[in-house]
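Worksheet: one structure, shown below.
The values are calculated or read from the model by the stated rules, or taken from the named source; none is laboratory data. Bear in mind that the values here come from a model prediction, so they are computed numbers and not experimental data. Using ideal geometry, Cβ is built from the backbone for each residue, glycine included, and neighbour counts are taken over all protein chains shown. Quick note on the areas: whole protein, heavy atoms, side chains included, nothing else; ligands and nucleic acids left out. Shrake-Rupley method; radii C 1.70, N 1.55, O 1.52, S 1.80 Å.
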Amino acid sequence: MEGGARPPREALAVLYFGNQANPNVTEYVVGPLPVPTYHRDVTVQKYRRKVPYHRRPMLGSEYEQNVSGFFLHPVGLEVLVDHSSLDIGQWAVSRVFYNGQYYRDMAQLESAYVQGRISVEKVRKAPPDGDFSSMRPRAPSAAPFPLQYEPQGPRYSVRKNHVAFQAWSFAFGMSVKTGLRLFDIRYKGERVVYELSVQEALSVYGSNCPGGMSTRYMDGSFGIGRYTSPLVRGVDCPYLASYVDVHYLAHSQDIRTIKNALCVFEQNLGSPLRRHFSNLQSLYYGGLVNSALVLRSITSLGNHDYVWDFIFYQNGAIEAKVQATGYPSSSFLHGDGLRYGNRVWEHTLGTIRTHSINYKVDLDVGGVKNSLVAHDMAFEMARAPWNPEQQIERPRLTKRVLDTEDQAAFRLQSKIPRYIYFAANSKNKWGHQRGYRIQIVSFAGDHVPEASSMERAISWARYKLAVTRRKEEEPTSTSIYNQNDPWTPTVAFADFIDNETITNEDLVAWITAGFLHIPHSEDIPNTVTVGNSVGFLLRPYNYYDLDPSIYSHDGVFFTSEQDFTACEVNPIACLPKTASCLPNFPPFTYDGFKNTSKLYCSMSHEADQPVTDFRSF
């Protein structure tokens with residue numbers, strides 16, 4: 001609360017209790033930091049029940065990588081393992097799959113092979129560099145690519161976890177589970193957003209191989225923040241960006257450091273934010289360069305790489321954007337495999353999948369009490385006032401206040417008002433409610449049918465937008481425990497939507513953006529970011545009395561009667577002098593290969609039945 005006492009700093013400790021009569025996962029809040037003196041069990045308070053041990057995120061000891069780009073080298077052999085027991089001596093193979101056929105166990109597979117009843121598909125051994133899956137360049141280096149720099153140094157500041165840029169300021173953090181998140185976003189000193197954070201990244205696969213068809217990755221369980229990748233200067237971010245290290249504690253008592261985990265830079269987007277050339281009557285040009293601040297991190301989760309951006313524009317708009325790259329996952333090509341994707345190599349099927357990204361946006365527009373308003377258009381038929389016999393079809397503005405959570409929950413493929421915004425109690429100079437509009441950019445695939453036994457665990461993905469009352473007991477749209485027991489989800493987002501009133505309340509928007517990916521030959525060896533970008537914008541809508549970027553120092557204006565080559569008239573004319581000297585580029589360094597492991601974790605399956613896992617080799 002503003003003006004109140006500073007609350008104590010606390011941390012969440014997640015403990016796995018396996019060696020007990022009732023194995024479980026328990027969450028404690030400990031504090032005050034940095035020297036805790038108390039702890040309290042908050043598990044039941046958060047989840048309304050104890051968390052069974054089988055729901056825990058797996059430790060990183062399932063697979064070992066030995067071929068570069070092994071995601072593209074399936075061999076057609078997969079094994080279903082029952083690992084429900086805490087005693088690894090009790091683990092057993094319960095089913096075997098090879099080249100389209102299922103067997104009870106390895107003994108039956110061997111017997112069928114000896115009897116010549118198996119169609120054997122010979123697969124060439126992949127070299128260690130992966131051959132076609134290698135990311136090694138196929139062409140020598142040539143002239144360097146264009147570089148950007150600030151002629152007089154950065155125009156932003158990064159102090160600890162606080163960033164200031166022109167009229168913007170915000171704090172940032174990195175959650176081990178959900179990755180990059182922002183707090184207390186202010187423009188011209190006034191808070192616009194209390195929290196802006198990634199919640200989950202979901203991928204649902206199709207295939208005619210058992211491992212592929214059962215794959216449902218909820219990346220928060222593995223750790224979107226934990227698997228943040230060290231950024232490569234000059235490729236992942238501009239060479240002269242500011243780089244920030246991240247420290248975390250997970251699966252170990254030792255603090256780990258990810259060097260250069262975040263980058264901050266100002267980016268000239270190469271187009272005007274706004275402009276006009278007048279060639280009628282008075283002659284003038286007015287324009288403003290579209291220079292924005294970018295905060296970026298990149299997560300490498302198995303085969304997928306997600307580029308997470310939060311972008312701050314000079315007109316008061318914020319953009320959240322994610323770009324997908326990395327390796328496409330694959331299955332062994334056999335039978336009717338082409339129903340589930342495209343062939344991308346000799347025995348490799350690039351399997352169809354959907355990607356869904358969920359965000360939490362706690363907007364505070366002109367204060368914490370907001371309403372949700374929808375504006376759109378409709379054609380009305382009218383008689384021309386000057387000629388009653390003439391009919392005019394004219395667009396008119398439609399307005400609607402969405403009063404309840406049910407009205408504010410928009411299904412993925414449903415129609416959504418084209419202008420939907422959080423409205424404040426205050427008005428601008430022209431008598432309009434001050435607002436911030438939510439504009440979603442998405443080309444999502446279909447959601448898992450709600451009849452699915454696991455759908456409630458990912459029910460946030462039903463909605464492209466859902467607005468609910470902000471509640472302390474509803475801090476996230478999902479849980480890290482949903483991955484390993486989606487049939488009994490620890491958090492089911494659908495329960496958040498219970499028709500409560502949302503007029504003049506503290507509100508939260510939950511936004512889902514996604515894309516359908518049908519891998520194709522150009523995804524080999526890697527999927528490019530071009531065209532694989534989704535997200536949303538928060539844009540001022542009558543929030544100001546005019547465009548606030550008119551006060552930017554970057555504005556350019558000159559008339560036909562002025563000397564537009566003079567610096568005092570046109571700052572662009574000064575660039576040949578002010579930007580003629582290149583800064584000193586620091587030497588290239590990279591610490592990304594330190595303290596890393598070749599092991600990564602896999603998903604397991606439901607616990608009220610034998611816990612099983614299809615492994616492909």
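Ranking request for peptides 379-385, 244-250: highest mean number of other beta-carbon atoms within 10 Å first, then the rest in descending order.
Going by the mean number of other Cβ atoms within 10 Å, highest first, we get 244-250, 379-385.
Of the listed peptides 387-394, 351-358, what is their order by residue-averaged count of other C-beta atoms within 10 Å, with the highest listed first?
351-358, 387-394
Only Cα pairs under 8 Å and at least 6 apart count here; give the relative contact order of the range 66-209 as a rounded whole percent.
14
Starting from the Cα of residue 415, draw a straight line to each of the lysines and keep only those under 18 Å, dropping any in the same chain fewer than 8 residues away.
399, 464
What is the calculated FRET efficiency for residue 550 to residue 42, with r their C-beta to C-beta distance and R₀ = 56 Å, to the nearest 0.05? Show your work: numbers first, answer last.
On the way: r = 48 Å, r/R0 = 0.86.
Efficiency at R0 = 56 Å is approximately 0.70.
Straight-line reach only, C-alpha to C-alpha below 19 angstrom: list the aspartates and glutamates that residue 125 could link to, leaving out same-chain residues fewer than 8 apart.
In chain and number order, the partners are 64, 78, 346.
Could you work out how far apart the two model spin labels at residue 157 and residue 414 are, taking each label as a point 7 Å from the Cα in the direction of the beta carbon, and quote it in nm?
According to this spin-label approximation, the distance is 4.7 nm.
Only helical DSSP H runs with n ≥ 4 go in: add -39500 (n - 2.57) per run for the chain, normalise by residue count and round the 222 nm mean residue ellipticity to 500 deg cm²/dmol.
The helix contribution divided over the chain gives -1000 deg cm²/dmol.
Rounded, prolate or oblate: which one fits the range 9-141, using the alpha carbon gyration tensor with axes a ≥ b ≥ c (rounded when a/c is under 1.5, else prolate when a/b beats b/c, else oblate)?
Oblate.
For a quick check of your reading of the filter: which trypsin sites (Lys or Arg not before Pro) in the range 184-223 sit in a DSSP loop and have no more than 15 other Cβ atoms within 10 Å?
Loop-located and lightly packed - 188.
Which chymotrypsin sites (Phe, Trp or Tyr not before Pro) in the range 395-442 sit in a loop by DSSP (not H, G, I, E or B) and have at most 16 other Cβ atoms within 10 Å of their own Cβ?
When the chymotrypsin sites (Phe, Trp or Tyr not before Pro) of the range 395-442 are filtered for loop state and at most 16 Cβ neighbours within 10 Å, 430 remain.
Would you please calculate the Kirkwood hydrodynamic radius of the chain over all C-alpha pairs and express it in Å, rounded to one decimal?
Working: mean 1/r = 0.0365 Å⁻¹.
When all Cα pairs of the chain are included, the Kirkwood radius is 27.4 Å.
Given 0.36 nm per residue, what is the gain on full extension from residue 443 to residue 134 after removing their alpha carbon distance, in nm?
108.3 nm
Which whole-number percent gives the relative contact order of the chain, counting Cα pairs below 8 Å spaced six or more residues apart?
Answer for the chain is 17 percent.
Would you kindly find the accessible area of residue 369, with a 1.4 Å probe and non-protein molecules such as ligands, DNA and RNA excluded, rounding to the nearest 10 Å²?
90
Which value, in debye to the nearest 20, gives the size of the charge dipole of the range 489-548 about its Cα centre, when Lys and Arg are +1 and Asp and Glu are -1 at the Cβ?
Computed charge dipole of the range 489-548: roughly 260 debye.
At a Cα cut-off below 24 Å, give the lysines reachable from residue 50, other chains included and same-chain residues fewer than 8 away excluded.
177, 471
Compute the distance from the alpha-carbon center of the range 173-222 to that of the range 465-493, in whole Å.
For the range 173-222 versus the range 465-493, the Cα centre distance is 12 Å.
Whenever you get a sec, compute what percent of the accessible area on the range 69-159 sits on carbon and sulfur atoms (1.4 Å probe).
The computed percentage sits at 55.
Rounded to the nearest 10 Å², what accessible area does residue 135 have for a 1.4 Å probe in the complete protein model?
The accessible area comes out at roughly 120 Å².
Please compute the per residue accessible area over the chain with all protein chains in place, 1.4 Å probe, rounded to a whole number of Å².
Normalised by residue count, the accessible surface of the chain is 52 Å².
Only Cα pairs under 8 Å and at least 6 apart count here; give the relative contact order of the range 446-575 as a rounded whole percent. List each step's numbers first, then the result.
Details: 115 pairs, mean separation 26.6, N = 130.
Averaging sequence separation for qualifying contacts and normalising by length gives 20 percent for the range 446-575.
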